[in-house]
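Q: Have a look at this one before I ask anything.
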Amino acid sequence: QVQLVESGGGLVQAGGSLRLSCAASGSIFDINVMAWHRQAPGKQREFVAISTSGGATNYADSVKGRFTISRDNVKNTVYLQMRSLKPDDTAVYYCYAVKQSISFWGQGTQVTVSA
C-alpha cells in the first residue's frame, strides 16, 4: 500500500503562486508515476501534471508554462509549483501514484483563486 498526503493548498489572489506537496509513504519502492489531478466544483476530475520515474514530465494544456511538477526521490515527495494562478484553477488538487499498475490517491487539498 502507498499512502499519499497532500499539503500546501489555500486561498490566493489571481496572479499569485502556491506550491503543493505530496508526501508518499508505505510501500514506495517502484512507484512508477506520480501526478496531480484536480476537480473543480461540478466538474469531472482532470489531469494536471505527471512525473515518471524516468524523469519525464507532461502537463495539461491549460497549465503549461504556469505549473511545474518536480520530484524529490530522497524525500519521496512530489511538488506542484503553480504560478500565475487564475480563478479557473480553483479546485481540489489530488496527488496520484501508480505502483505496479495499481493506482493510489491522496485525500486532496483545496486551492482557491480569487479574482
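The values are calculated or read from the model by the stated rules, or taken from the named source; none is laboratory data. The structure presented is a predicted model; accordingly, all values stated were derived computationally and were not measured. Using ideal geometry, Cβ is built from the backbone for each residue, glycine included, and neighbour counts are taken over all protein chains shown. SASA here: full protein model, heavy atoms, side chains in, ligands and nucleic acids out. Shrake-Rupley method; radii C 1.70, N 1.55, O 1.52, S 1.80 Å.
Q: About its Cα centre, how strong a charge dipole does the chain have in debye, to the nearest 20, once Lys and Arg get +1 and Asp and Glu get -1 at the Cβ?
A: Roughly 140 debye for the chain.
Q: Using only Cα atoms, locate the centre of the stretch 1-18 and the centre of the stretch 72-102, then give the distance between them in Å, rounded to an integer.
A: If you average the Cα positions of each part, the centres end up 8 Å apart.
Q: Tell me which lysines have Cα within less than 20 Å of Lys99's Cα, excluding those fewer than 8 residues away on the same chain?
A: Lys75
Q: Let me ask you something else. So what J values fall out for the stretch 39-44 if you push phi through Karplus, 6.51 cos²θ - 1.76 cosθ + 1.60 with θ = phi - 60°, rounded to Hz, Gly and Pro as x?
A: The phi angles translate into 9, 8, x, x, 10, 6 Hz.
Q: Given a 1.4 angstrom probe, I'd like the percentage of the accessible area of the stretch 1-77 that is carbon and sulfur, rounded to a whole number. Don't skip to the answer; put the middle values down first.
A: Working: 2120 of 4320 Å².
With neighbouring chains kept in place, the figure for the stretch 1-77 is 49 percent.
Q: Search the structure for amide H atoms under 5 Å from the amide H of Thr90, placed 1.01 Å from N in the peptide plane, and list their residues when 5 or more places away or on another chain.
A: Residues meeting the criterion, in which the H sits 1.01 Å from N, are Val113.
Q: Then there's this: For Lys86, give me every one of the aspartates and glutamates with a C-alpha distance below 17 angstrom, ignoring sequence neighbours fewer than eight places off in its own chain.
A: Glu46, Asp61
Q: With springs connecting C-alpha atoms under 10 Å apart, model the chain as a Gaussian network and identify which of Phe29, Phe67, Phe104 has the largest mean-square fluctuation.
A: Top of the fluctuation ranking is Phe29.
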